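Below is one structure, written out as structure tokens; the observations come after it.
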């Protein structure tokens, strides 16, 4: 499975974080501090009704990120959406 | 001399730290009761709460630092937390110990933050909140093993029920007795992650997924039902504020009116008039809004504590983002429909300073309850109460139009502000969606009490003061009107030649293009302190018998040349002026306090007065063409 961006995954996907880009003003660091570190499992829980932000479940927390921030996170898909 | 943040008698200063939403505030509140004070750090818009409490015979200073996700700051707020903890803030000594609050249901994430706090080398203890929820979801956290693994004291609490707080207090007696880690957490991210994962594996029995929250979210964040529920909640919100509170407001109006009459009859003379027309009418005119404000805070407090406001913010984020705002700005804007003061204060939850400033600056443009008496009076006097479209009446539509104009203008104002004055990159938007919870009555009632109390205080200070000063300025100096005038005309003559009357006349060249004459101008000067003063002042300057008849009176009031003082275009100009103008000492004061500068309140005041003038002029010109 080739690496992709967290923002690209459909709702219900399971993935594992591979790495986080630093981003134009170092936002990536913050994403790591709140738990998006390599090896961490992430579930794409749902999208806001207007498609952005996206709600993720990571390290037993529900976090909403704007698509732009989720773009910084490189992941590997581990489970397709079920049902 | 002790640094300004330390009470001299305090034996220790202990900082309460943690990420936002961890339950920091509820732990702080149950440790300190209601004795806390709020203060700002110099130069930034970040506030801290602090309290000195007696624990085990010693005075301990507790400081509740803003929530943070990390000590490598990416926003000014976090820079403050980091500087405060490192002792880099001039005049502030670093704390002697740290109490980190963390949510037991998401312990693994909190340990990243804890690792950063442990690097500071201060005595640290970990307080886990929401341990009850861990049990409900069939998980467990072994507090003893966690304490052994981390090398620091660990206490589990149920914040809102006070369970475990005695243990926390026992620890606070002397932080130097706390066990300290033998080795520091690993440095590199990879090793640290492995360290955290191994601790979690040995102390936490995994929790069931929060199925209840997921089920509720699948409806409330549904692509179709989500927005539908959002709109329904907002409609119910405004509907209840304007209808449910009405009986209580009417009752208060009657009581205050009776009290005012009683004072006038029993005190008598000029002083009796001051008390009845000035003090009681002025302050009472504000206090009648207490039921509405209480209801508003009740609804917002409930929605917030249940967990719905975070969902509303999530859904609004996309739209707010277009205007240089973010989802949480929506919550601040919503509160500002009651009063900009709590709205501006609720912007504290916005982590990014730039978004927070834009939100606070736009808040005064939301139609607050202080504008309501002004709008109601002018609409009642000049818009016929006839049916317009189906069940909708023209007066209601006019009011709705003014609300809409304010809200849309607020969004445009934010967009312009964030594009012109506040450039630079923004921190990434992230927001935690808390689990849905049943709110506790105490927490919600405290929230309502805070809101009502600060509102009532405004009535007792700013409005009381302004009303007395205006009344004095309208009575001095004593003039002798010509005997040929009727009693009402004599009163009008006296006011026209008073200090305030002359000031109103002096403003006529500036405000004449909007159609305002001296009576309106005096009321406008008064309304700079608080908008409600406009109505009570207009009642005095138009020599109206009582405020009920005021609408009729101003509808027929004539200038000395026989023309109507308040014609259609003038009223349009007045209404538009009130939509935009920042006429509220309390808002200016809270903007100053929350931004820790005079720059932002000065910009808000001058730009909004400028926009008010120009927009009123345009509105008047359009109305004249019709």
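Read the figures in this text as sums done on the coordinates, not as results from a lab. As the structure is a prediction and not an experimental result, all values here were calculated from the model. All Cβ positions, glycine included, derive from the backbone under ideal geometry; neighbour counts span all protein chains shown.
Provide, for q = 0.14 Å⁻¹, the log10 of I(q)/I(0) from a solvent-free Debye sum over equal Cα point scatterers in the stretch B:211-333. Log10 of I(q)/I(0), two decimals: -0.73. Taking the three principal axes of the alpha carbon atoms in the stretch B:117-165, the coordinate ranges are 35, 21, 14 Å, sorted in descending order. Stick to Cα atoms and the Kirkwood definition of Rh, then tell me Rg/Rh for the stretch B:99-231. Reported Rg/Rh (Cα atoms, Kirkwood Rh): 1.07. Here B:69, B:436, B:413 are placed in order of increasing Cβ neighbour count within 10 Å, fewest first, which gives B:436, B:413, B:69.
Based on the convex hull around the alpha carbon atoms, the stretch B:275-343 presents an average projected area of 5.5 nm². Here the contact order of chain B, divided by its residue count and restricted to Cα pairs under 8 Å and six or more residues apart, works out to 11 percent. Note on B:317-325: average number of Cβ atoms from other chains within 10 Å of each residue's Cβ is 2.
Computed over chain A, the range of Cα coordinates on each principal axis works out to 38, 29, 23 Å, biggest value leading.
Could you work out the relative contact order of the stretch B:12-208? I mean the mean sequence separation of Cα pairs under 8 Å and 6+ apart, divided by the number of residues, in percent. The value is 22 percent. Straightening the chain between residue B:478 and residue B:449 buys 6.0 nm, computed as 0.36 nm per residue apart minus the Cα-Cα spacing. Based on DSSP H segments of at least four residues, each scored -39500 (n - 2.57), the protein assembly as shown has a per-residue ellipticity at 222 nm of -16000 deg cm²/dmol.
Values of log10 I(q)/I(0) for the protein assembly as shown across q = 0.11 Å⁻¹ run -1.16, by the Debye formula with one identical scatterer at each alpha carbon and no solvent.
Sorting B:316-324, B:151-159, A:5-13 by their mean Cβ neighbour count within 10 Å, with the most densely packed peptide first, gives B:151-159, B:316-324, A:5-13. Look at A:46, B:553 and count the other Cβ atoms within 10 Å of each Cβ; fewest to most, that gives B:553, A:46.
Could you tell me what percent of the DSSP beta bridges with both partners in the protein assembly as shown are antiparallel, to the nearest 5? Working shown, then result.
Details: 42 of 61 bridges.
Restricted to the protein assembly as shown, the bridges split so that about 70 percent are antiparallel.
Under the Kirkwood approximation for Rh and a Cα-based Rg, what ratio Rg/Rh is obtained for chain B? My calculation puts Rg/Rh at 1.04. The coefficient of translational diffusion for the stretch B:12-208, derived via Stokes-Einstein from the alpha carbon Kirkwood radius under 25 °C and 0.890 mPa s, stands at 144 µm²/s. Of all beta bridges that DSSP places with both ends in the stretch B:12-208, some 40 percent have antiparallel geometry. Taking the longest Cα principal axis of chain B as reference, the axis of helix B:441-458 is set at about 40 degrees.
Pairwise inverse Cα distances across the stretch B:484-626, averaged and inverted, put the Kirkwood hydrodynamic radius at 16.1 Å. Remark: relative contact order (the stretch A:4-79) = 45 percent; criterion is Cα-Cα distance under 8 angstrom and separation of 6 or more residues. Translational diffusion coefficient, Stokes-Einstein: compute it for the stretch B:551-626 using the Kirkwood radius over C-alpha pairs as Rh, at 4 °C and 1.567 mPa s, and state it as an integer in µm² s⁻¹. My calculation gives 91 µm²/s for D.
Here the stretch B:298-431 is treated as an ellipsoid with the same Cα gyration tensor; its semi-axes, largest first and in whole Å, are 30, 17, 13. Most simply put, chain B has about 50% antiparallel DSSP beta bridges, counting only bridges with both residues inside it.
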